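Q: The structure's right below; bear with me while I get my questions together.
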Amino acid sequence: MNKAGNKKGKRNWEPYIWLLPSILLISIFVIFPILIVFRLSFSEISKAGVIGGFVGFKNYSDAIHLPAFKTVMINTFWWVLSVVGLSTLLGFIIALVLNQEFHGRKIARSILIFPWATSLVIQASVWNYIIKYEYGSLNSVLLNLGIIKEAINWRSSYQIEFVWECAVGIFVTVPFVAFCVLSGLQSIDESLYESAIVDGAGFWDKLFSITLPLVRPALSVSTVLNIIYVFNSFPIVYTMTKGAPANKTDTMITYLYMLNFYDRKKGPANALSVIGFVILCICAGIYMMTVMRKEENL
Amino acid sequence: MKKSTAFVLSLTAICVMAAGAAFTASAEEITLDVMMAQYGPNTNEWFLGSGMDGTNFVEKFEAENPGIKLNLDVVSWNDIYTEVDTRLANNNAPDILNMDVFANYASEGLLLPVTDYCPEDLYQDFFPSFMDQSVIDDTVWAVPDLASARALFYNVDILEEVGVEVPTTWAELEDVSQAIIDYYDGEIYPWGIDMTTDEGQAAFAYYTWGNGGGFVDENGDWAVNSPENVEAINYALGLINNGFTNPNPATQTRYDLQDMFAAGKLAMLIAPNQLPTYVADKEGDINMATAAIPANEGKEGSSVGVMDRIMAFRDDTAEDQDARNEAIGKFLKFFYDPENYVGWVSMEGFLPAVNSAVEALVESDPSFGAWLDVLGSCQFYPTAKAEWDQVKQGVIAAEQSALTGADIQAELDALQAELMG
């Protein structure tokens, strides 16, 4: 009895021992830095980076009252919504296409992974060159094909520049969604479609009654991960515009970087980073809860 | 391996390590943590590779200065601020730092006064006008490591083809720009402007200094919203709105402009003295010449000098402060020794900060002579004022807001109010 109890106790501890290295790594590299940022957000930090005493919510108040705060928050909203939303839609459509039998399907799948597998800084730099007014390849291709008569300034206003940033964001995010959905699609039993066809179901019926409900878990994972990745994405905006002009194309992450290392407003930058963390937790939390509730109801 | 053998071996290793540690401590060796900025591809080679006649700075220094070890890092300009900030936040400041700004560190008591460590003969060798740029409360907190001066560069062939002279005033600049636009039907940009986050403060300096304004007034107090400044920036915005410049000044950096100039797509730009080297590296074949930066009618133009510094941080934990100061002094002596310094300055095409290097430099490249004259009449950014970071970012933000239609007067007023508040 006693022996059996010991064995049971040992078995209960076993998973935790196996998990210990991961828990330690996560604590050192994730939880500990987060706690430091929390502490810094309530501390006075000099321009030279020297950490002073506790200042309460002063850094938060300063951050919220920064002139660019509102613009940056609106930009961040549109950035996350457009990149996550459109890349999910496009990724889903591409996954449906790639799930069909056709010649060169393997090649098409391989090509799709390129934008995702390449470094974001390189992607953004390449797009910078493509849309460059003076010697951009987009202009030279269109001019050579005779589609346009003179070069177009593809970055003529900050609104358009922001749209380009979102477009590049979508371009690099689509493959991830497509592959997530594709894995979901491949696990759907073909017989379900066959029965549906026998029952007279059309394309849309199959899509909404079979495909969508069954790939929902894959879509949920890709959407939650994308919300986090896209919100935290730094390279595209920083490489393409550095938030110029006057923070009008900044998202929260690039803005807090500029605030910290260019403007040297370190306290508000730390406060902003905590605000971002909380927003992200709330968004991801709401989404997860909604999706999980729906899945439970299924 | 037998257990007993392994035990003996590990015991021996521990004893050797302990003896080594004891030996290091007894030798009273000083190790200086040095962080140098990366000016170009040759900087690493110079300090750590084999760019110094087959050897490197660290090896040569350590050979000539026994008892002093250098733990030297070359850090890119993109990372240096982050790295210094991180080290300061962790109470791990370098002993010697090579960077542009110093005022924040000085005003927070983190730096040593230069006179504490700099040998007298070397102190006297620095150009006095350069040393003046690093003074706060009558104390010099950093020494200049090198400088560059800005001037107007123009494509001689384009101006000759159009049949115009190089402009000296703002009105002439507009006329010349219009003539170039008319002649080339807009194919060539007459004038380059960089109002990016990288160097928008330089644009502010070029135009405001050419209109009798600037960052500070005659008393050295912030005066970013002076009528002269507002007029000057409105003039620059006018050049952009009239189509005389590159189309996206908020995102086209100095390097984009230099590339356009090297490709013959841009007729005139204000650039540092290294532009000919840059154009040659880009395999551009441009017939270029330099001239003074155009100023407003009746106003005196001035060249723009940019200077970086070497500073030494305090280390209250150091046991022997005098020995540490002496080691820092030896580092500086070695760095500025003409035998080493001339190679360093000319390697990346910069201008020297000490008199003793001038003769050798002019001898090796006569064009240095003209630039040294320019340097004598340069104005510098007010980097000795602790609010400089804020002003620098503030004027860039004001310019960029004005590019999107905001009123520059209101933008500069807001910045001035922030500085006064």
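The values are calculated or read from the model by the stated rules, or taken from the named source; none is laboratory data. Here the structure is a predicted model, which means the values were calculated and not measured. So basically every Cβ, Gly included, is an ideal-geometry build from the backbone, and we count neighbours across all protein chains shown.
Q: Given (1) within 14 Å of chain B (Cβ to nearest Cβ); (2) of a type outside the set (Phe, Trp, Tyr); (3) surrounded by 14 or more Cβ atoms within 10 Å (Cβ to Cβ), identify the lone condition not met by A:Lys149.
A: (3)
Q: Can you tell me which residue among B:Ala353, B:Ala402 is at pLDDT 80 or above, farther than 23 Å from B:Asp221 by Cβ, within 13 Å of chain A (Cβ to nearest Cβ) and buried (at least 18 other Cβ atoms within 10 Å of the Cβ)?
A: B:Ala402
Q: Further question: Considering segment B:132-182 alone, what residues qualify as being closer than 30 Å to B:Glu108 by Cβ and in a strand (DSSP E or B)?
A: Answer for segment B:132-182, where residues must be closer than 30 Å to B:Glu108 by Cβ and in a strand (DSSP E or B): B:Val135, B:Ile136, B:Thr139, B:Val140, B:Val143, B:Pro144, B:Asp145, B:Leu146, B:Ala147, B:Ser148.
Q: Only residues that are aliphatic (A, V, I, L, M) and either free of Cβ contacts under 8 Å to residues at least 24 places away in the same chain or within 23 Å of B:Cys378 (Cβ to Cβ) (or both): list them for segment B:111-146, please.
A: B:Val114, B:Leu122, B:Met131, B:Val135, B:Ile136, B:Val140, B:Ala142, B:Val143, B:Leu146
Q: Moving to a separate point now. May I ask you to list the residues in segment B:207-227 that are surrounded by fewer than 19 Cβ atoms within 10 Å (Cβ to Cβ) and not in a loop (DSSP other than H, G, I, E, B)?
A: Within segment B:207-227, B:Val216, B:Pro227 meet the criteria.
Q: Is it the case that A:Ser233 is closer than 28 Å to A:Arg39 by Cβ, assigned to a loop (DSSP other than H, G, I, E, B) and away from every other protein chain (no Cβ under 14 Å)?
A: For A:Ser233, the condition - closer than 28 Å to A:Arg39 by Cβ, assigned to a loop (DSSP other than H, G, I, E, B) and away from every other protein chain (no Cβ under 14 Å) - is met.
Q: Let me ask something else. Select from segment B:373-393 the residues that are more than 14 Å from every other protein chain (Cβ to nearest Cβ), closer than 17 Å to B:Asp308 by Cβ and not in a loop (DSSP other than H, G, I, E, B) and list them in ascending order.
A: B:Leu375, B:Gln379, B:Phe380
Q: Moving to a separate point now. Identify all residues within segment A:193-223 that are at pLDDT 90 or above, under 21 Å from A:Leu86 (Cβ atoms) and of a type in the set (Val, Ile, Thr); write none if there are none.
A: Scanning segment A:193-223 gives A:Thr211, A:Val215, A:Thr223.
Q: Out of B:Tyr105, B:Tyr123, B:Tyr81, which single residue is modelled with pLDDT of 95 or more and outside any strand (DSSP E or B)?
A: Within the list B:Tyr105, B:Tyr123, B:Tyr81, the selection yields B:Tyr123.
Q: B:Asn92 passes all but one of (1) buried (at least 20 other Cβ atoms within 10 Å of the Cβ); (2) within 14 Å of chain A (Cβ to nearest Cβ); which number fails?
A: Single failed check for B:Asn92: (1).
Q: If you go through segment A:203-218 one residue at a time, do you hit one that is within 9 Å of another protein chain (Cβ to nearest Cβ) and among the small types (Gly, Ala, Ser)?
A: Checked segment A:203-218: no residue is within 9 Å of another protein chain (Cβ to nearest Cβ) and among the small types (Gly, Ala, Ser).
Q: Can you name every residue in segment A:43-90 that is among the polar types (S, T, N, Q) and part of a loop (DSSP other than H, G, I, E, B)?
A: Residue satisfying the conditions is A:Ser46 alone.
Q: Just one of the numbered conditions (1) surrounded by 15 or more Cβ atoms within 10 Å (Cβ to Cβ); (2) within 14 Å of chain B (Cβ to nearest Cβ) is not true of A:Leu142; which one?
A: Condition not satisfied by A:Leu142: (2).
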